[in-house]
Structure formats: structure tokens, C-alpha cells
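Working notes, beginning with the structure itself.
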Amino acid sequence: MKKIVIVIFDHFTDLDLFLMWDILGRNKTDWQVKILGTQEEHQSANGLVIKTHGCISEANDADVVLFSSGKVGVKGAIANPDFMRAFSLNPNTQLIGSICAGSFILAKLGLLAMGPATTHPDAKEELQSLGIDVLDLPLVCKGNVATAGGCLSAVYLIGWVVEALFGRDKRQQTLRELIPAGQSAIYERLIDTSVRDAISPKVGVGAILENC
């Protein structure tokens, strides 16, 4: 069974955690998902208190490590030397991803090099100022490291993770319950192309939307 962890901190963005947690938490046979933090509980940007399942150091032994986001929370996490020193991640053996401003944590850990990467549109210029090539795409992958931009892009990030671990059919099965009624063909095409483009950019999501 694969071990997947989601890293949070105080003032994390609610949806970034909950969407990933919900999608991944529905499967009880192929992987185990845990929420990690530096404390026994963390408060979200909207005030919800979430209990963690373990310390962030557990991420070093996980198969998949996903960093949540938060405009205020990420800055606080990066400024905390204990938080940053706890990670010893290996992109050669682990799948590592971030949602929105979580990309700044990956950058600080030296996992983005010069890019390419993506992040929340409002944070694009700040990430570029670090010398990283930031693309206007919902999901960007470079080897085993992926960044997603925009809260709903968590669907693509999780899709990438599941497909990388278990293949395309498992990815379709995992995300099927999220798709609005009557729009399965549209969403499947969008998800599939977003993952394909993230791995090897070609057509781009814009072309998909124009033809829907």
C-alpha cells in the first residue's frame, strides 16, 4: 500500500487541503493518506481547526508528498527553520507536488531549480522573481515534481499522482465521482489533456476549452 501525505501549517487554504483529502481519502485499498504538520492541530485560513496524523518528518519516508497552500501560511512555514529543516525529500524516489503558493516551499527546498513550474495566478510574478520559469498552466510536471496553480487544479494534481502510481484507468476511476452530471466527457477530456500536457506540453488547455 502506498503512503501519501499532505503537509499543512497554520493558515493553510481550506479547499486546497479538503479537496485533496476528500479525493484521496475515498480509496482505502491502494494507498493510505495522512495529514502532517508541526503541531497536533493547525488552524486554516478560515478558522477551521484540523487535527494532524503525524509530524512533517514522516514525509521523508512517504511515496507521495503534497504541500498545501495559503498566502499567509506558506510565508510563515518558510520562515520557520524547524519546518524547512525537517524535510529531506528525494525526487528520484518520491512523487512531490504542491498546490498554489505551496510552490514556494518546493522552491525553497531546491526542488524547482529553474522551473518550469506554476502557482496561483496572483503569485506568478513573485515566483518568477526567484528566477523560476512560471507557466500559465494548471499543472506543470518536471520529472517526479509537480506544481498546480489554482485551488481546483488539485483535481489534476491528484490525477497525475494516481496515474503515475497506478495508471490511467485508476485515475479515471478515482476522479469519476467528482464530475458534474451530464459533463463526464467534457471533464474527462479536460483532465486527461491537462495531465498529458503537464508531462509533455503540446496542445495546451486553452485549445481544449475552445473545442468544448
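The values are calculated or read from the model by the stated rules, or taken from the named source; none is laboratory data. Computed from a prediction, not measured in an experiment: that's the story for all the values here. In this analysis, Cβ positions are derived from the backbone assuming ideal geometry, glycine residues included, and neighbour counts consider all displayed protein chains. Surface areas here come from the heavy atoms of the whole protein model, side chains and all, with no ligands, DNA or RNA. Shrake-Rupley method; radii C 1.70, N 1.55, O 1.52, S 1.80 Å.
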Reported to the nearest 10 Å², residue 184 has, with a 1.4 Å probe, an accessible area equal to 70 Å²
Computed Kirkwood radius, in angstrom, where 1/r is averaged over Cα pairs of region 119-162: 10.8 Å
Distance between modelled label sites at residue 1 and residue 113, nm, 7 Å Cα→Cβ extension: 3.6 nm
Largest-first ranking of 100, 55 by accessible area, probe 1.4 Å, whole protein assembly kept, is 55, 100
Taking all protein chains as present, what is the carbon and sulfur share of the accessible area of region 89-179, in % to the nearest whole number, probe 1.4 Å? 49 percent
Most mobile of 146, 62, 154 per a Gaussian network model of the chain (Cα springs, under 10 Å)? 62
Semi-axes, largest first, in whole Å: what does sqrt of 5 times each Cα gyration tensor eigenvalue give for region 105-193? 27, 15, 9
Accessible area per residue of region 140-187 at 1.4 Å probe, in Å²? 47 Å²
Per the rule of 0.36 nm per residue minus the C-alpha distance, extending residue 165 to residue 177 adds in nm 2.4 nm
At R0 = 22 Å, how high is the FRET efficiency between residue 85 and residue 133 if r is their beta carbon distance? Nearest 0.05 is fine. 0.20
Return, for the Cα atoms of the chain, the radius of gyration and Dmax in Å, separated by a comma. 16.1, 48
Low-density loop positions, GluC sites (Glu not before Pro), region 1-90 - DSSP coil, at most 11 other Cβ in 10 Å: 40
Sorting 2, 28, 75 by accessible area (1.4 Å probe), largest first, what list results? 28, 75, 2
